[in-house]
Every structure is written in structure tokens, then in C-alpha cells.
Amino acid sequence: MAHAGTASLTINELREFASFSAGEQRYIRRSLDVGLGRQDAFKLWARDGEERSSIRRQYEAYHALKELRATRPDEYDFDGVEAFMGKLVRMAAFDLAQGRIGSFSAFRFLYERLLGGWARPWLPAAFCGAAALPQIQPERRRTLLHSISEAAATAPGWSDREPSFYPEFIEKEAA
């Protein structure tokens, strides 16, 4: 029965990923390659010089991931919150400024995989903080901030279950 529950959760994750736009899906897969060190993101994802530059900046922005993963602030204490949230908001702002993540659900999907299930309670604050920064264009700010539901923003608790589906690059077959 536990196996059926795990399979059901994985199917839900697959469905959620399928609900994202093609651009969001591509950016999430690329970001996971950069953040998890799965593939050479330059070789796999860079279609031109502009994208190579974006990937280089993403590697720099994601440099904080190792430290963020090792830092688990207490949900009930304020010790270490500023260092953790400062780095998380900065990294989130980079991703949102790229214009390829269009909603809280896509952001949450990505960051659950980059950091782990334990980070879920911190993601609404990081998303809202990053989306509200002046570096994000006003219309984009509006769209992003409207994408987070009241339920997500005020959730009394979050699961710390680790994600089971990590989307990867799929090679297109030659026709």
C-alpha cells in the first residue's frame, strides 16, 4: 500500500509539471541541471551567446545552494533567518527576473527540488520577497504576486516529504 501512495504522489508531481508552460518546463529542467550538477548545462541548454551568459549567471546565483541546504533555520526561532532568507530571496529574484518562471507553483516545484522538502515553509516568503523587489518589472511583479494563493501564503503547515520526480532533458528524435 505504501508503494501505491508513493506512485500516486509521483503521478501528481508529473501532472503538476505537465501543467506548466513549455518555457517553465525547460527552465526548471535547466535549473535542476545547474543546481544539482546533473549535466553540463552549457552543452545541453545554451542555444546562443545570450543563453550561455544567462547560464553562467545562474551558476553564480546558485553558488549559495550548498550553504542554503546546510542551513536549516528553525521555523519557531529567528536565529539565522536573515542570512538564510537573504540568500534565498537573492537566488529567487535571479530566477524570477529571468522571466521564465511565471507562477508560485512553478517556483515552488523548482525550489523543492533544489533545496529539499524541508524548505517548503520558507518558499512563500522567499517568492513574495523576490517578486516584490524593484528589479522585477511592475507588470511581472503583479502577475507573480497574484499567482500565489492565500492558502499557500498562509498555510499553517507544510509536508517535509521529499519530491520524487525530477524532470530531465529529453533529446528530440530526428524526424
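The values are calculated or read from the model by the stated rules, or taken from the named source; none is laboratory data. Owing to the predicted nature of the structure, the values given are computational and were not obtained by experimental measurement. Note: ideal-geometry Cβ built from the backbone for every residue, glycine included; neighbour counts use all protein chains shown.
Regarding the stretch 137-159, can at least one residue be identified that is under 30 Å from GLY37 (Cβ atoms) and in contact (Cβ under 8 Å) with a residue 60 or more places away in the chain?
First, the residues of the stretch 137-159 that are under 30 Å from GLY37 (Cβ atoms): 140, 144, 147-148, 152, 158-159.
Of the ones still in play, those that are also in contact (Cβ under 8 Å) with a residue 60 or more places away in the chain are none.
No, the stretch 137-159 contains no residue that is under 30 Å from GLY37 (Cβ atoms) and in contact (Cβ under 8 Å) with a residue 60 or more places away in the chain.
If you check ASP48, ASP33, which single one turns out to be over 25 Å from LYS87 (Cα atoms) and acidic (Asp, Glu)? Spell out how you get there, then give the answer.
On the way: ASP33 fails: over 25 Å from LYS87 (Cα atoms).
Of ASP48, ASP33, the one residue that is over 25 Å from LYS87 (Cα atoms) and acidic (Asp, Glu) is ASP48.
Looking only at residues of the stretch 137-175 that are modelled with pLDDT of 95 or more and among the hydrophobic types (A, V, I, L, M, F, W, C), we find that the one that is surrounded by the fewest Cβ atoms within 10 Å (Cβ to Cβ) is LEU145. For GLU24, indicate whether it is on the phi < 0 side of the Ramachandran plot, crowded, with 18+ Cβ neighbours inside 10 Å and either among the acidic types (Asp, Glu) or in contact with a Lys or Arg (Cβ under 9 Å, 6 or more places away or on another chain) (or both). Taking the combined requirement at face value, the residue satisfies it.
When each of THR143, THR154 is tested for being closer than 24 Å to ASN12 by Cβ and β-branched (Val, Ile, Thr), the lone residue that passes is THR154.
Every condition in (1) more than 23 Å from PRO156 (Cβ to Cβ); (2) in contact (Cβ under 8 Å) with a residue 40 or more places away in the chain; (3) of a type outside the set (Gly, Ala, Ser) is met by PRO73 except one, and the failing one is (1). Condition test on ALA126, is it surrounded by 13 or more Cβ atoms within 10 Å (Cβ to Cβ) and in contact with a Lys or Arg (Cβ under 9 Å, 6 or more places away or on another chain)? Against the criterion (surrounded by 13 or more Cβ atoms within 10 Å (Cβ to Cβ) and in contact with a Lys or Arg (Cβ under 9 Å, 6 or more places away or on another chain)), ALA126 does not qualify.
Scanning the stretch 67-92 for residues that are exposed (fewer than 10 other Cβ atoms within 10 Å of the Cβ) and at pLDDT 90 or above yields a total of 1. Evaluate the following for ASP48: is it more than 17 Å from LEU96 (Cα to Cα), in contact (Cβ under 8 Å) with a residue 60 or more places away in the chain and of a type in the set (Asp, Glu)? No, not satisfied.
Give the residue that is nearest to LYS87 (Cα to Cα), with candidates limited to residues of the stretch 115-173 that are among the aliphatic types (A, V, I, L, M) and touching a Pro at 6+ places or on another chain (Cβ under 6 Å).
Initially, the stretch 115-173 is screened for residues among the aliphatic types (A, V, I, L, M), giving 115, 119, 123, 125-126, 130-133, 136, 144-145, 148, 151-153, 155, 170.
Still in the running and touching a Pro at 6+ places or on another chain (Cβ under 6 Å): 152-153.
On the way: ALA152: 21, ALA153: 20 Å.
If we take residues in the stretch 115-173 being among the aliphatic types (A, V, I, L, M) and touching a Pro at 6+ places or on another chain (Cβ under 6 Å), then ALA153 is nearest to LYS87 (Cα to Cα).
When you check SER54 against the structure, is it surrounded by 14 or more Cβ atoms within 10 Å (Cβ to Cβ), among the hydroxyl-bearing types (Ser, Thr, Tyr) and within 14 Å of SER31 (Cβ to Cβ), yes or no?
Working: surrounded by 14 or more Cβ atoms within 10 Å (Cβ to Cβ): yes; among the hydroxyl-bearing types (Ser, Thr, Tyr): yes; within 14 Å of SER31 (Cβ to Cβ): yes.
The answer is yes for SER54.
Restricting the stretch 1-25 to residues that are part of a helix (DSSP H, G or I), among the aliphatic types (A, V, I, L, M) and closer than 25 Å to GLY117 by Cβ, the residue that is modelled with the lowest pLDDT is ALA2. Taking the listed residues GLU67, GLU82, GLU112, the one that is touching a Lys or Arg at 6+ places or on another chain (Cβ under 8 Å) and free of Cβ contacts under 8 Å to residues at least 24 places away in the same chain is GLU67, with no other qualifying.
Every condition in (1) at positive phi; (2) buried (at least 17 other Cβ atoms within 10 Å of the Cβ) is met by GLY116 except one, and the failing one is (2).
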